[in-house]
Amino acid sequence: MDDLIKAIRKNEFQIYLQPKFDTRTEKIVGAEALIRKQIKNRMILPNEFIPLYEETGWITILDMYVLREVCKLQKKWKEANLPLFPISINESRHHLKNPNHVKELEEILRQEEANPRLIELEMTETTVVEDIEVAKKAAEAVKKIGFLVSMDDFGTGYSAFNVLKDIEIDILKIDKTFFDELEKNKRAQIIVESIVKMCKRLKTKTVAEGIETKEQVDFLKRIHCDIIQGYYFSKPLSIKEFEDKYLKIDPEIELQKE
Ligand code: C2E
Ligand code: MG
Ligand code: MG
């Protein structure tokens, strides 16, 4: 655990932001925070270190670091009068059973003067299905303090349909696997279209993940999926790249803060 804390202090972890776009207008409406590890010039992707941290439970430290950094970023943008939109962070299953988790979240919100309506907590479908009762309680508790809750990787685990019946999820992220070879797979098209229709009636927003082609975008427009995330529009970007491309930071404000 000490190694992880040391690595955080040495700024070896960096947050990348992948923008999300309104399907209809193609304007940016949000972003997902994705962690990367940078040692010298080598960039390490999460699948190389997250499994180990998941095993040890240290992932919770990393997740809270990501949340705090995202809150700081939003504060900086707010002070610079820049447009604000929700940013999602990935929450490990380890948080769900932690009785102090809600307190921990509230503490970060208070310390960073953050608005929970601008933070979306992503729980994966697999995590939720693992223990529905625990997930339900955790989702209700974080919604109560104002966070948005989304279900990530929907369609990859065992069916989470029964979960949707019990938990008021704000956003449902339809997994990339549905969109692979979508043009050829009529059954996948029918399933995705039905999920989007169902979510509209449940007042749950839909995000299509891993969208890479124009054909996929056209299909999602046709079926009125709300939001698109994927390489077709943008890969995850460093904070600097993201700010340069999607926000204009006023240099005066940056100077005042030095
Ligand atoms: P995820 O939450 O489902 O995030 C989406 C992943 O898909 C990201 O991979 C993203 O870079 C990738 N992706 C986005 N658009 C496309 C596309 O068009 N095509 C393809 N092929 N891939 C696309 P990444 O950043 O490597 O993250 C992998 C997973 O690691 C994430 O999946 C998430 O489960 C986990 N993860 C990342 N950051 C964190 C974190 O801070 N905490 C926790 N607990 N998990 C994290
Ligand atoms: Mg995610
Ligand atoms: Mg996902």
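The values are calculated or read from the model by the stated rules, or taken from the named source; none is laboratory data. Please read all numbers here as calculations on a predicted model, not as lab measurements. Using ideal geometry, Cβ is built from the backbone for each residue, glycine included, and neighbour counts are taken over all protein chains shown. Note: areas computed on protein heavy atoms with side chains; ligands, DNA, RNA excluded. Shrake-Rupley method; radii C 1.70, N 1.55, O 1.52, S 1.80 Å.
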Fill in the blank from the handout: Sole miss for Ala141 among (1) touching a Lys or Arg at 6+ places or on another chain (Cβ under 6 Å); (2) within 29 Å of Glu107 (Cβ to Cβ); (3) not hydroxyl-bearing (Ser, Thr, Tyr) is condition (1)
Practice task
Among residues belonging to segment 128-166 that are assigned to a helix (DSSP H, G or I) and within 22 Å of Phe179 (Cα to Cα), point out the one that is farthest from ligand 2 (Cβ to nearest atom).
Solution key: Phe161
Problem - Options Val66, Val70: the member that is farther than 20 Å from Gly210 by Cβ, out of contact with any Phe, Trp or Tyr (no Cβ under 9 Å at 6 or more places or on another chain) and within 16 Å of ligand 2 (Cβ to nearest atom) - result: Val70
Fill in the blank from the handout: Only unsatisfied item for Leu118, checking (1) open to solvent by 10 Å² or more (accessible area, probe 1.4 Å); (2) more than 14 Å from ligand 2 (Cβ to nearest atom); (3) over 30 Å from Lys76 (Cβ atoms); (4) not small (Gly, Ala, Ser), is (3)
Problem - Residues located in segment 130-165, provided they are loosely packed, with under 14 Cβ neighbours inside 10 Å and not basic (Lys, Arg) - result: Glu133, Glu140, Ile145, Tyr158, Ser159, Phe161, Asn162
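Anything in segment 15-36 that is open to solvent by 70 Å² or more (accessible area, probe 1.4 Å) and either of a type in the set (Lys, Arg) or assigned to a strand (DSSP E or B) (or both)? List them, or say none. It would help to see each step written out before you state the result.
Here is the first cut: in segment 15-36, the residues open to solvent by 70 Å² or more (accessible area, probe 1.4 Å) are 24, 26-27.
Arg24, Lys27 - these are the residues of segment 15-36 that are open to solvent by 70 Å² or more (accessible area, probe 1.4 Å) and either of a type in the set (Lys, Arg) or assigned to a strand (DSSP E or B) (or both).
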Exercise for the section: Check whether at least one residue in segment 90-106 is in a helix (DSSP H, G or I), modelled with pLDDT under 95 and within 16 Å of ligand 3 (Cβ to nearest atom), and report yes or no. Expected result: yes
Exercise for the section: Filter segment 228-245 for residues that are out of contact with any Leu (no Cβ under 8 Å at 6 or more places or on another chain) and surrounded by 21 or more Cβ atoms within 10 Å (Cβ to Cβ) and give the result. Expected result: Gln229, Gly230
Exercise for the section: Tell me which of these Lys184 doesn't satisfy, since it passes every other one: (1) part of a helix (DSSP H, G or I); (2) over 21 Å from the mean Cα position of the chain (by Cα). Expected result: (1)
Exercise for the section: Please indicate, with yes or no, whether at least one residue in segment 212-221 is within 22 Å of the chain's Cα centre (by Cα), open to solvent by less than 20 Å² (accessible area, probe 1.4 Å), under 19 Å from Val128 (Cβ atoms) and of a type outside the set (D, E, K, R). Expected result: no
Practice task
Among the numbered conditions (1) within 16 Å of ligand 3 (Cβ to nearest atom); (2) without any contact (Cβ under 8 Å) to a residue 12 or more places away in the chain; (3) open to solvent by less than 40 Å² (accessible area, probe 1.4 Å), tell me where Pro51 comes up short.
Solution key: (3)
Practice task
Quick one: in segment 187-213, of everything that is within 16 Å of ligand 2 (Cβ to nearest atom) and not in a loop (DSSP other than H, G, I, E, B), which residue is farthest from Arg24 (Cα to Cα)?
Solution key: Glu209
Handout entry: Any chance Lys186 is over 22 Å from Asp63 (Cα atoms) and within 12 Å of ligand 1 (Cβ to nearest atom)
Key = no
